[in-house]
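Colleague: I'd like to ask some things about the structure below.
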Amino acid sequence: MSNPIKLAIGPILFYWSKDEVQNFYLQASDSPADIVYVGESVCSRRCQLRTSDWIGLAKDLAAAGKDVVLSALALAESEGDLIALRKLVAACAESGGRIRLEANDLGAVKVAAEAGVPFVCGPHLNVYNEATLAWFAAKGAVAWVPPLEAPRSLIAPLHASRPVGMATEVFAWGKIPLAFSARCFTARHYGLKKDDCQFRCLDHADGLTLATREGQSFLTMNGIQTMSAQHYSLLAELPALLDLGIDALRLSPQSKDFFAVLAAFDAARRGEPAGLPAACTDHGTCDGYWHGQAGIAKVGAEDDTLVVAASGA
Amino acid sequence: MVSSTPTTTTSAFRIPHLVCPAGSLPALKSAVDNGADAVYLGFKNATNARNFAGLNFDDKSLREGVRYARDRGREVLVAINTYPQAGRLAEWHGAVDAAADLGATAVILADVGLLAYAAERHPALHRHLSVQGSATSYEAINFAQDAFGVRRAVLPRVLTLAQVENVVRHTTVEIEVFGFGSLCVMNEGRCWLSSYATGESPNTVGACSPAKYVRWEQQGKTMNARLNGILIDSYGEGEPAGYPTLCKGRFEVAGETGYALEEPTSLNVVELLPQIAAAGVAAIKVEGRQRSPAYVGQVTRVLRQAIDALKAPGFAVKPAWQSELAKVAEGHQVTLGAYDRPWR
């Protein structure tokens, strides 16, 4: 691999129609992305794609030469959720190491470890220190995504002292998944019960924005998940990420301009001028977490200017 | 408000322990004096997910609290349930060592590295999996049992009663559930809303919507409550103002303004006690280490009576219990939270 850092397409966190999902992965298959995550990690009620459909997509992408990871639900509540998890792990086991699992809770770690399936510690597994990272490595973790709230000052030393064979993947683009709940906020907004949500998430391809009473965009409601309204962007930090030797960057899918964003990161990792399309965010970008500040803060330079400048250096 | 008799024929039935909060020595004594089977508490530092200024325990007060509880046959559980931060493991290890040395019955932990440390260094000290550990399935809980000998797991406030029952059926780990207090609507241990607004979260520093970021601002007849500058709510004249915990603020979504995430409410499971006991739940936890000794005493006293009433056939909720609890409920509204269908 000649590229100094891999690009990963994270799991689709929103609820899209089956056609939209399939089109997205057709494009992903032809894109410069090295790693592609597939699967439903947010809400078990979402059923445009069944578990077997996700596994089929994973196989197709693996056949197209991508590193593929099946993402498990972050919030497993029912017996049905565990059955789906076991199917994902069985598909990983059958693939002979071609497909890995993204574990987002200890239950997924258990099922993967028992099956001898290598797994990625997802951002919701809460790896904040070296002892925990080493413990997951001993159970079969081959990569980890730091918690989204982790600053550079936490990520850098953990990456530097990571166990042998462990890859570090940093979330670098997208609305930040901030919280999970038993409650569905989208259903609640429409005055519906979760069990009868009428799949309203389908109407909000990038979630529903929540603003303060003085009009400041703040959060995004995505079913049972609460996200940032702003897009986290580490495009301007690419020189620093390369310098640290981070293995991969995760870009989180969105309905508009996603592959243009991917192209910008691809250009930037090769040191070429890169700019983001103007319409790729609805409420601007933030990078406070990376800098050890409030996540919503914007500390670094504007993405396009800094990356162009860095590439000339 | 009369519930049915518990199904005492099922083998799972057990009278749950009552686990009560203590943010101070007087609160601990109040919990013990009013009938708590166990008191949970934490140190005055970032190892504690309820790291409130002016509250919590140092070695001296913990030693005294342990003596007070043990003399009366009660347990002390020490919550060391934030996530150790890279390069600072010694602080969290020190807290576990101190809890062991000072005679705690158990430590309540969330981080797997810390669980491994406690299991290795202090095998005789019981290990409970904290609610901050976000174990929502029996697979996760059984894993913690196999790996760290976890004796009890505290379930996140996201499961229905039927789901709680299913977890109990599939594990030999004792299950503890929340029974009363303010309600975290988010899955504990997996909520970064506070750090998104302020840079500080329960996982890292043990605080949600920390007081030092709160600003009250009078603007004409309106009182604005801000968290690190972000408007969480504003209150008109005469409207009772609440602490700006950010998930409990009023926001605007698609032109509608209201409690978009959660209204300020209290969880109260008193009417579900027969089902909880029948499900085989080992312990019921009261939230509120930030609350006063008087609050802790009042809630403990009522729940003690209600749990004791399970021992005789024909459990019925006494109106007096509910009116006592309603007096201290946040927002003066109560809910069964995720245990009940309306959340579904």
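Colleague: Filter segment A:108-140 down to the residues that are open to solvent by less than 10 Å² (accessible area, probe 1.4 Å) and among the hydrophobic types (A, V, I, L, M, F, W, C) and list them by number.
Modeller: A:Ala108, A:Val109, A:Ala112, A:Val117, A:Phe119, A:Val120, A:Cys121, A:Val127, A:Leu133, A:Phe136
Colleague: Can you go through A:Ala263, A:Ala278, A:Ala274 and tell me which one is open to solvent by 30 Å² or more (accessible area, probe 1.4 Å) and modelled with pLDDT under 95?
Modeller: A:Ala278
Colleague: For segment A:233-271, how many residues are closer than 24 Å to A:Cys121 by Cα and free of Cβ contacts under 8 Å to residues at least 24 places away in the same chain?
Modeller: Total satisfying the criteria: 1.
Colleague: Kindly list, by first and then second residue, each pair from a residue in segment A:67-88 that is more than 8 Å from chain B (Cβ to nearest Cβ) to a residue that is surrounded by fewer than 21 Cβ atoms within 10 Å (Cβ to Cβ) and in a strand (DSSP E or B), limited to pairs with Cβ atoms under 8 Å and residues at least 6 apart or on different chains.
Modeller: Sorted first by the residue in segment A:67-88, then by its partner, the pairs are A:Asp67/A:Lys6.
Colleague: Still on this structure, please answer the following. For residues in segment B:114-131 being open to solvent by less than 10 Å² (accessible area, probe 1.4 Å) and closer than 20 Å to B:Ile284 by Cβ, which is nearest to the other protein chains (Cβ to nearest Cβ)?
Modeller: If we take residues in segment B:114-131 being open to solvent by less than 10 Å² (accessible area, probe 1.4 Å) and closer than 20 Å to B:Ile284 by Cβ, then B:Leu129 is nearest to the other protein chains (Cβ to nearest Cβ).
Colleague: Also: Tell me, yes or no, whether segment B:201-212 has at least one residue that is assigned by TED's automatic domain parsing to the domain that holds B:Gly103, touching a residue at least 12 places away in the same chain (Cβ under 8 Å), assigned to a helix (DSSP H, G or I) and surrounded by fewer than 19 Cβ atoms within 10 Å (Cβ to Cβ).
Modeller: no
Colleague: Something else now. Among the numbered criteria (1) over 16 Å from the mean Cα position of the chain (by Cα); (2) part of a loop (DSSP other than H, G, I, E, B), which single criterion is violated by B:Arg291?
Modeller: It is condition (1) that B:Arg291 fails.
Colleague: Another question about this same structure. Evaluate the following for B:Leu246: is it crowded, with 22+ Cβ neighbours inside 10 Å, farther than 24 Å from B:Ala27 by Cβ, modelled with pLDDT of 95 or more and within 14 Å of chain A (Cβ to nearest Cβ)?
Modeller: Working: crowded, with 22+ Cβ neighbours inside 10 Å: yes; farther than 24 Å from B:Ala27 by Cβ: yes; modelled with pLDDT of 95 or more: no; within 14 Å of chain A (Cβ to nearest Cβ): yes.
When the stated conditions are applied, B:Leu246 does not pass them.
Colleague: Taking segment A:192-228, which residues are at positive phi, more than 10 Å from chain B (Cβ to nearest Cβ) and open to solvent by 10 Å² or more (accessible area, probe 1.4 Å)? Spell out how you get there, then give the answer.
Modeller: The first filter runs over segment A:192-228 and keeps only residues at positive phi, leaving A:198-199, A:207, A:215, A:223.
Subset that is more than 10 Å from chain B (Cβ to nearest Cβ): A:198-199, A:207, A:223.
A:Gln198, A:Phe199, A:Gly207 - these are the residues of segment A:192-228 that are at positive phi, more than 10 Å from chain B (Cβ to nearest Cβ) and open to solvent by 10 Å² or more (accessible area, probe 1.4 Å).
Conditions tested, residue by residue: (1) closer than 29 Å to B:Arg304 by Cβ; (2) open to solvent by 10 Å² or more (accessible area, probe 1.4 Å); (3) of a type in the set (Val, Ile, Thr).
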position	(1), (2), (3)
B:Val158	yes, no, yes
B:Ala162	yes, yes, no
B:Glu165	yes, yes, no
B:His170	no, yes, no
B:Ser194	no, no, no
B:Gly199	no, yes, no
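Colleague: Based on what the data block shows, is B:Ala153 within 11 Å of another protein chain (Cβ to nearest Cβ), in contact (Cβ under 8 Å) with a residue 24 or more places away in the chain, crowded, with 24+ Cβ neighbours inside 10 Å and closer than 17 Å to B:Ile284 by Cα?
Modeller: Values: within 11 Å of another protein chain (Cβ to nearest Cβ): yes; in contact (Cβ under 8 Å) with a residue 24 or more places away in the chain: yes; crowded, with 24+ Cβ neighbours inside 10 Å: yes; closer than 17 Å to B:Ile284 by Cα: yes.
Spelling it out, B:Ala153 is indeed within 11 Å of another protein chain (Cβ to nearest Cβ), in contact (Cβ under 8 Å) with a residue 24 or more places away in the chain, crowded, with 24+ Cβ neighbours inside 10 Å and closer than 17 Å to B:Ile284 by Cα.
Colleague: Identify all residues within segment B:185-206 that are out of contact with any Pro (no Cβ under 8 Å at 6 or more places or on another chain), of a type outside the set (Val, Ile, Thr) and at the interface with another protein chain (Cβ under 9 Å from one of its Cβ atoms); write none if there are none.
Modeller: Residues satisfying the conditions are B:Met186, B:Arg190, B:Leu193, B:Ser195, B:Tyr196, B:Ala197, B:Gly199, B:Ser201.
Colleague: Considering segment B:127-157 alone, what residues qualify as being in a loop (DSSP other than H, G, I, E, B) and closer than 14 Å to B:Cys184 by Cβ?
Modeller: Step one: of segment B:127-157, the residues in a loop (DSSP other than H, G, I, E, B) are B:130, B:134-137, B:149-151, B:155-157.
If the condition is that a residue be in a loop (DSSP other than H, G, I, E, B) and closer than 14 Å to B:Cys184 by Cβ, then B:Ser130, B:Ser134, B:Thr136, B:Leu155, B:Pro156, B:Arg157 are the ones that fit.
Colleague: Now a separate question. Specify the residue that is surrounded by the most Cβ atoms within 10 Å (Cβ to Cβ); the eligible residues are those in segment A:41-60 that are assigned to a helix (DSSP H, G or I) and not polar (S, T, N, Q).
Modeller: A:Ala58
Colleague: Mind checking which residues of segment A:16-40 are assigned to a loop (DSSP other than H, G, I, E, B), farther than 18 Å from A:Leu262 by Cα and open to solvent by 10 Å² or more (accessible area, probe 1.4 Å)?
Modeller: Residues satisfying the conditions are A:Trp16, A:Ser17, A:Glu40.
Colleague: With the requirement that a residue be within 14 Å of chain A (Cβ to nearest Cβ) and among the polar types (S, T, N, Q), what does segment B:78-113 give you?
Modeller: Correct list: B:Asn81, B:Thr82, B:Gln85.
Colleague: Continuing with this model, one more query. Could you grab me the full set of residues in segment A:147-191 that are aromatic (Phe, Trp, Tyr), more than 8 Å from chain B (Cβ to nearest Cβ) and without any contact (Cβ under 8 Å) to a residue 60 or more places away in the chain?
Modeller: Answer for segment A:147-191, where residues must be aromatic (Phe, Trp, Tyr), more than 8 Å from chain B (Cβ to nearest Cβ) and without any contact (Cβ under 8 Å) to a residue 60 or more places away in the chain: just A:Tyr190.
Colleague: Here is a follow-up. Determine whether segment B:65-86 contains at least one residue that is free of Cβ contacts under 8 Å to residues at least 24 places away in the same chain and within 30 Å of B:Phe315 (Cα to Cα).
Modeller: Yes, because at least one residue in segment B:65-86 is free of Cβ contacts under 8 Å to residues at least 24 places away in the same chain and within 30 Å of B:Phe315 (Cα to Cα).
Colleague: How many residues are in a strand (DSSP E or B) and of a type in the set (Lys, Arg) when one looks only at segment B:226-249?
Modeller: Qualifying residue count for the region: 1.
The values are calculated or read from the model by the stated rules, or taken from the named source; none is laboratory data. Here the structure is a predicted model, which means the values were calculated and not measured. With ideal geometry, Cβ positions are generated from the backbone for all residues, glycine too; neighbour counts draw on all protein chains shown. Note: accessible area is taken over every heavy atom of the protein model, side chains too, but ligands, DNA and RNA are not part of it. Shrake-Rupley method; radii C 1.70, N 1.55, O 1.52, S 1.80 Å.
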